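Here's the structure we're looking at; comments come further down.
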Amino acid sequence: MYNEFVDEYESYPLEDAENYHYSARGEGDFSERTGHYPTYSIPEEVKKYITYFRDAIRDGNVYDIPSLYVDFNRLTEEYFKTQSWPDVEDLYGNKLVEQDNRDDIFLILYRELYYRHIYARIQGGPTIPQRFESYYNYCNLFNYILSAETPVPMELPNQWLWEIIDEFIYQFQSFSQFRSKLGKKSEPEIEMLKESPKIWNVHSVLNVLHCLVDKSNINRQLEVYTSGGDPDSVAGEFGRHPLYKMLGYFSLIGLLRLHSLLGDYYQAIKVLENIELNKKSMYSRVPACQITTYYYVGFAYMMMRRYADAIRTFSNILVYIQRTKAMFQTRNYQNDQINKQTEQMYTLLAICMVLHPQRIDEVVQSSLREKTLAEKMARMSRNETPEFTQCFTFACPKFLSPVPPPFDSAPANYHKEPFLQQLKVFMDEVQQQQQISVMRSYLKLYTTMPMEKMAAFQDLSEDDFRNALLCFKHKMRNIVWTKGTSGLQGDFQSDSEVDFFIAGSMIHIADTKVAQRYGDFFIRQIHKLEEVNRSLSKVKV
Amino acid sequence: MRSTVASMLRGIERYNPENISTLERYVELQARENTYDLEANLALLKLYQFNPGTYQNTVACQILMKALTNLPHTDFVLCKCLLGQEQMEDANVKRIMYLHDLLEMCQFSTFWNEKDQYSNLTTNIKDFSDSIRKYVCHVITITYQYIEKQVLSQLLGNVDEVALQAWMSKYGWKADEDGNVFIANQEDTVKTKNITEKIDFDSVAGIMAACR
């Protein structure tokens, strides 16, 4: 199945991976490399760790791997805060791994962590050869998993599997951005990029994700799962295996992200059509994956002018994050990522709430009332375009171009183009809606009003004013998801707080009046009191 | 054709550049026969994005024009997101963007007045004006309880009496003797809402039981 795709429109580099030789330290003619490899001997604790880890992989020791995976971060903090982990040559040199292919799988996994650490921690980021090597390492990993006749005997924690897919796309994104920034590159660097059009090629990345989806039968599994059946009954030999099943699921989220980065919001939502977003499921146990999913889904909805859906999506996940906040407080780079994404989602929610005011969960609402966000919202409500631009720029994903820049023409800001296009689409929408917030503030004041009179208030001709009213109705009425798993489906609804209709030349206005809610408040206070009581009773006098 | 194309777009095949010519013919067909397939058109724009050398400006314009005919849906925005900045600079694309702005902002009179200047873009799209009128009718349906007949005809592009009657009967709108056209009763859907919190015993019972 997997190999059928290769060679179809161009030979995917996945095939060449085996022939690629990782340039050993010192052999490479890239002088900048040496800077990343200070000479040091491997600390004893790290040696021990690597040996344990190697054995756990050799023996397929499922129970030790999760904690070993977590230890990687701990040891990074202790020994490798700003320098890279020992490279594979060093492991051979210290006799930590065998040369006889016995440790191939361990080395692939080790390299996965090794390069990911370089991307995250090393100043100046990875060099071009490192980007290439990391790409080939992913090819090796996916080749191993996908080309096997029977499921490979490998079990990794879900968290790691998620991070493999997440990182794979992140590195693709990072490479695309890097490749487009021609201005700062030397001749040999540009040559190197020109000669390797297949590395981090968008087709290969899509191919990997699609293959993982197909191999695991995940779509069929999800279909059966949502209709209450047993997914194993349709999973097939590979899909029953947790490694394949979870990689398949995470690849769907990966596709969601990838399509969003390319500006294809329709496909982004469509790939998730078998995932029931509004329900908890057995597939959703990795928090980072959940948060990423909702971020991209919410963003896609916002761009599609489905504000009610975007607002629901963001509120759902933000409530979840608030409840589980304690989990994300320790500082490591995964949590930094989550916290950044949370902040971005609050900003996106603020944008949506300005464009489409409606009632939301009290907990989330109170966060929007905090100073900086409240000020942003106030500025946006006053139609200050720079604020919209700023919020969008801060909160949007890092859009990318799927093709290399024209290497031979004059350097320009190619890396910014995809972002600028999405920004333009969004700002055009904001422009079209510019009159609406003023209209809303006027309408709020009355229950009935002759058109002529209100047109005069706003210094508009009656025709222009009528257009503005029609535009208000049109923009406030959007497709909203109602049922089913497909996030694309929905009905036209109007959830606007202020609504109206016209009878002849008279406007009839309907407002939403919300009485103060006290239930939530009391419950929260009761819980707080209980907690105080509990901690008091623990105090020994 | 729709099902052949749909099967072409499954899985990784969707990105096969060899599909481009078929999809382009399909766009042509949609324009000629007044049919519409958003997903196929988006797939074509994506192929252009992946293979910039194959980009056909006239086809892209047709896709955008077809997206206009599917207002009030936001198909146009979805298509726009897949274009590049350079492609947006094209004079025809810019004109279509302007038309889109007019329609989204419901400036229908301006749209009808200026429409003739864009005949090079509209002639190849079968029933273009009527598709736009459908969108206008949608906006009227959600806004008006009743509307002056003369305003209605103006919003529809100053159509003659016969055409106006045809649109009215299509939507079931009835004219009265005062020159008004009854659209729909809005009083049931658009009304002031008072939201008060209701707390029932069951939701309090849990927390009461927990406090001793």
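Peptide A:249-260 is shielded by partner chain Cβ atoms: per residue, an average of 0 of them sit within 10 Å of its Cβ. Shown here: region A:78-226, whose C-alpha atoms stretch 53, 40, 29 Å along the first, second and third principal axes, sorted largest to smallest. Computed over region A:312-402, the range of Cα coordinates on each principal axis works out to 40, 38, 22 Å, biggest value leading. Residue by residue along B:101-112, Cβ atoms of other protein chains within 10 Å of the local Cβ number 5 on average.
Packing around the peptides B:1-13, A:166-178, taken as the average count of other Cβ atoms within 10 Å per residue, puts them in this order, highest first: A:166-178, B:1-13. Partner lysines whose Cα lies under 23 Å from the Cα of A:Lys270, excluding those fewer than 8 positions away in the same chain, are identified as A:Lys215, A:Lys245, A:Lys279, A:Lys280, A:Lys398, A:Lys483, B:Lys46, B:Lys66, B:Lys80.
To the nearest 10 degrees, how steeply does helix A:371-381 sit against the main Cα axis of chain A, on a 0 to 90 scale? Orientation of helix A:371-381: about 60 degrees from the principal axis.
For A:Lys538, a cut-off of 20 angstrom between C-alpha atoms picks up these aspartates and glutamates, skipping any fewer than 8 places away in its own chain: A:Glu530. Taking 20 Å as the limit for the C-alpha separation, the pairs A:Lys340/A:Lys528; A:Lys340/A:Lys371; A:Lys444/A:Lys475; A:Lys424/A:Lys475 exceed it in the case of A:Lys340/A:Lys528. Based on every Cα atom in region B:99-162, Rg and the maximum pairwise Cα distance Dmax equal 12.0, 37 Å.
The convex hull defined by the C-alpha atoms of region A:184-280 has an orientation-averaged projected area of 8.4 nm².
The Cα-based radius of gyration of region B:34-126, divided by its Kirkwood radius, gives an Rg/Rh of 0.95.
Given R0 = 51 Å, the distance between the Cβ atoms of A:Gln431 and A:Glu195 translates into a calculated FRET efficiency of 0.70. What is the calculated FRET efficiency for B:Thr22 to A:Glu77, with r their C-beta to C-beta distance and R₀ = 56 Å, to the nearest 0.05? It comes to 0.55.
Compared with the dominant Cα axis of chain A, that is its longest principal axis, helix A:333-355 is turned about 20°. Ellipsoid semi-axes for region A:456-541, based on the Cα gyration tensor and the rule √(5λ), read 49, 21, 11 Å when sorted largest first. Evaluated on region A:108-182, the Kirkwood hydrodynamic radius is 13.3 Å, with distances taken between all distinct Cα atoms. Toward the positive end of the charge dipole of chain A, with +1 on the Cβ of Lys and Arg and -1 on the Cβ of Asp and Glu, the farthest Cα among A:Gln525, A:Leu355, A:Leu470 is that of A:Gln525.
Amide H to amide H distances under 5 Å link B:Tyr144 with A:Ile502, where only residues 5 or more positions off or on other chains count and H is placed in the peptide plane. Placing dummy labels 7 Å off each Cα toward the beta-carbon, the span from B:Lys193 to B:Asn120 is 4.9 nm.
Counting Cα-Cα pairs of region A:345-459 in 10 Å increments starting at 0 gives whole-percent bin shares of 11, 33, 28, 17, 8, 3, 0. In region A:492-541 the Cα-Cα distances spread across 5 Å bins starting at 0 as 4, 14, 11, 10, 10, 8, 7, 7, 7, 6, 5, 4, 3, 2, 1, 0 percent of all pairs. Applying the Karplus relation 6.51 cos²θ - 1.76 cosθ + 1.60 with θ = phi - 60° to region A:195-211 yields 3J(HN,Hα) values of 6, 10, x, 8, 7, 6, 6, 4, 5, 5, 5, 4, 4, 4, 5, 5, 5 Hz, where x marks Gly and Pro. The mean sequence distance of close C-alpha pairs (under 8 Å, at least 6 residues apart), as a share of the length of chain A, puts its relative contact order at 12 percent. Under the combined filter of DSSP loop state and at most 15 neighbouring Cβ atoms within 10 Å, region A:416-510 retains these chymotrypsin sites (Phe, Trp or Tyr not before Pro): A:Tyr446. Considering only alpha-carbon pairs that sit under 8 angstrom and 6 or more positions apart, the relative contact order computed for chain B is 16 percent.
The chymotrypsin sites (Phe, Trp or Tyr not before Pro) found in region B:38-105 include none that occupy coil by DSSP while having at most 15 further C-beta atoms within 10 Å.
The modelled label-to-label distance between B:Asp101 and A:Ser233, using points 7 Å beyond Cα along the C-beta direction, is 5.7 nm. Of all aspartates and glutamates in the structure, the ones whose alpha carbon falls short of 17 Å from that of B:Lys149, not counting any fewer than 8 places away in one chain, are A:Glu462, A:Asp463, B:Asp160, B:Glu161, B:Asp176, B:Glu177, B:Asp178. Round to the nearest 10 and give me the degree value, 0 to 90, for the angle of helix A:417-432's Cα axis relative to the longest principal axis of chain A. Helix A:417-432 and the main axis of chain A meet at about 10 degrees.
Computed from label points 7 Å out along Cα-Cβ, the spacing between A:Val539 and B:Met88 is 6.0 nm. With K and R counted +1 and D and E -1, the other residues having a Cβ less than 14 Å from that of A:Lys424 yield a net charge of -3. Calculated on the Cα set of region B:139-198, radius of gyration then Dmax: 14.9, 54 Å. Stretched out straight at 0.36 nm per residue, the stretch from A:Asp408 to A:Ser494 would grow longer than its current Cα-Cα span by 25.8 nm. Chain B has equivalent-ellipsoid semi-axes of 38, 32, 16 Å, by the square roots of 5 times the alpha carbon gyration tensor eigenvalues, sorted largest first. Under a Cβ-Cβ cut-off of 12 Å, what is the net charge of the residues other than A:Leu443 that fall near it, where Lys and Arg count +1 and Asp and Glu count -1? Residues close to A:Leu443 contribute a combined charge of 0. Assuming charge only on the beta carbon of Lys and Arg (+1) and of Asp and Glu (-1), the dipole of region A:425-520 about its Cα centre is about 300 debye to the nearest 20. With viscosity 1.567 mPa s and temperature 4 °C, the Kirkwood radius over alpha carbon pairs of region A:219-267 converts through Stokes-Einstein to a diffusion coefficient of 110 µm²/s. On a per residue basis, the convex hull of the C-alpha atoms belonging to region A:139-186 measures out at 92 Å³. Distance distribution note for chain A: the fraction of Cα pairs above 42 angstrom is 31%.
Throughout, read-outs are computed from the coordinates displayed, never taken from laboratory work. If you're wondering where the values come from, they're calculated on a predicted model, not measured in any experiment. All Cβ positions, glycine included, derive from the backbone under ideal geometry; neighbour counts span all protein chains shown.
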